[in-house]
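Student: Pasting in a structure now, in structure tokens, and then I'll have a few things to ask.
The values are calculated or read from the model by the stated rules, or taken from the named source; none is laboratory data. It should be emphasised that the depicted structure is a prediction, and the values quoted were computed from it without experimental measurement. Here the Cβ positions follow ideal geometry from the backbone for every residue, glycine too, while neighbour counts run over all protein chains shown. Ligands, DNA and RNA are stripped out before the accessible areas are found, and what is left, the full protein with its side chains, is counted by its heavy atoms. Shrake-Rupley method; radii C 1.70, N 1.55, O 1.52, S 1.80 Å.
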Amino acid sequence: MLLAMAADIAALNDVAVTVALCEAVHGELTSMPGVDIICVKGVDEVSFVTSVLRHGPFSDVLPIAPETGGVLATLVREFRSHGQHVIAAAEDTILLGSDKWQMFQFLQQHRVATIPTKLVTEHTDGDFAETYVIKPIDGAGCESVKRLTHDEFVTYRMQNSCCSDVIVQPFIAGQSYSVGLIGQGADAPPLILPVATQDVEWSVTTPHYRGGSIPASLPKDSHVHLKDLLSQLLKFVTVDSGYVGIDLLRPANLKDGEWLITEINPRLCTSYIGYRQATTFNLARYLLGNRRLEPIEWKAGPVDFSCESTNYSGYN
């Protein structure tokens, strides 16, 4: 994601790109055409921001970081407190997407379809079916997600009786999808990108996200229902800047066209790699918030993409 975004911004006219990397990963990327790479020392998010701004100020800052442990929220807040224009969602949206328990309660309150959810510490037998999924409240991607049988879950709960930062959900068979949103300012709706199919493979208890394809092949009524669901969500969730990914599930045992929201990812997602391959347009121009740009044209597709893609030099 980082390399793809840096390449796209560097391809724009009259734009200079600086990529700031922490010491832990700086050695993995020493050079990139048209990009100034700096190594930033900092033991936490606050000192990282302070170190980055010694090389600035910058016209725009685009943090690429996980929401785990409040890292993304803290980075965005710190950059904004120094007067930097940050290409990221509103703080409320970042905080909502950084807490799966809070997100479930929010979606339920606003009657937006999602997966039934409980805290592990509050779950009682009979709440869900025989197969369970546990997730850390602030996890990113498939990190620490597990699928457990009833007996395995009972054992887990006994061993983690005080674990208040893990949620449990029923395992629902179906196909996973995602939709990317690009903010276009406070007084404009976000761009809604084509639906992407997610390739999620379960190896017994653990899911692995392999990539996907764009656009997803769906019946017409499914698109209609999804549009209605996203319209309902965007009444309550602000996407005025940056990239936000919405993860969805279309359950196998429901009628065509019905959807459940599974995640709100308030950051650049892997699907960006697929979106940039599915168009000849430079999506970075739209991420920078220029609303006078022409509508994006998409390839007929489908275009497959992988998490391990290394094609960052341009457009296919």
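Student: Using a Gaussian network for the chain with springs between C-alpha atoms less than 10 Å apart, which of these wobbles most: 176, 98, 59?
Tutor: In this elastic network of the chain, the residue with the biggest mean-square fluctuation among 176, 98, 59 is 59.
Student: Report Rg(Cα)/(2.2 N^0.38 Å) for the chain, keeping two decimals.
Tutor: Ratio of Cα Rg to 2.2 N^0.38 Å: 1.02.
Student: Additional query: Over the Cα atoms of the stretch 129-182, what Rg and Dmax result, in angstrom?
Tutor: When restricted to the Cα atoms of the stretch 129-182, Rg and Dmax are 13.0, 43 Å.
Student: For the chain, what does the accessible surface come to per residue with a 1.4 Å probe? Please give it in Å².
Tutor: 49
Student: Could you check how many percent of all C-alpha pairs in the stretch 1-78 are farther apart than 22 Å?
Tutor: Cα-Cα pairs in the stretch 1-78 separated by more than 22 Å: 21 percent.
Student: Moving on to the next point. If you build a Gaussian network model of the chain, linking Cα atoms that sit under 10 Å apart, which residue out of 91, 23, 67 swings the most?
Tutor: Most flexible of the set in this elastic network: 23.
Student: What is the sum of charges, Lys and Arg at +1 and Asp and Glu at -1, for the other residues whose Cβ falls under 11 Å from the Cβ of residue 91?
Tutor: That sum, taken over residues with Cβ under 11 Å, equals +1.
Student: Here is the link list: 135/299; 100/235; 135/227; 135/235. Which ones come out longer than 29 Å on Cα distance?
Tutor: Over 29 Å Cα-Cα: 135/299.
Student: Can you send over the carbon and sulfur percentage of the accessible area for the chain, probe radius 1.4 Å, protein chains only?
Tutor: It is 51 percent, rounded to a whole number.
Student: Here is a follow-up. Per DSSP helix of 4 or more residues, -39500 (n - 2.57); summed, then divided by the residues of the chain. What does that give at 222 nm, rounded to the nearest 500?
Tutor: It comes out at -7500 deg cm²/dmol, rounded to the nearest 500.
Student: Distance between Cα centroids, the stretch 207-223 to the stretch 2-67: provide it in whole Å.
Tutor: Distance between centres, Cα-based: 31 Å.
Student: Sum up the charges of everything whose Cβ sits under 15 Å from the Cβ of residue 279, counting Lys and Arg as +1 and Asp and Glu as -1, but leave residue 279 out.
Tutor: Overall, the nearby charge balance is -1.
Student: Could you work out the mean projected area of the convex hull around the alpha carbons of the stretch 1-149, in square nanometres to one decimal?
Tutor: The directionally averaged projection comes out at 11.7 nm².
Student: Continuing with the same structure: Run the Debye formula on the Cα coordinates of the stretch 81-126, all scatterers equal and no solvent, and tell me log10 I(q)/I(0) at q = 0.26 1/Å.
Tutor: Taking Cα atoms of the stretch 81-126 as identical point scatterers yields -1.00.
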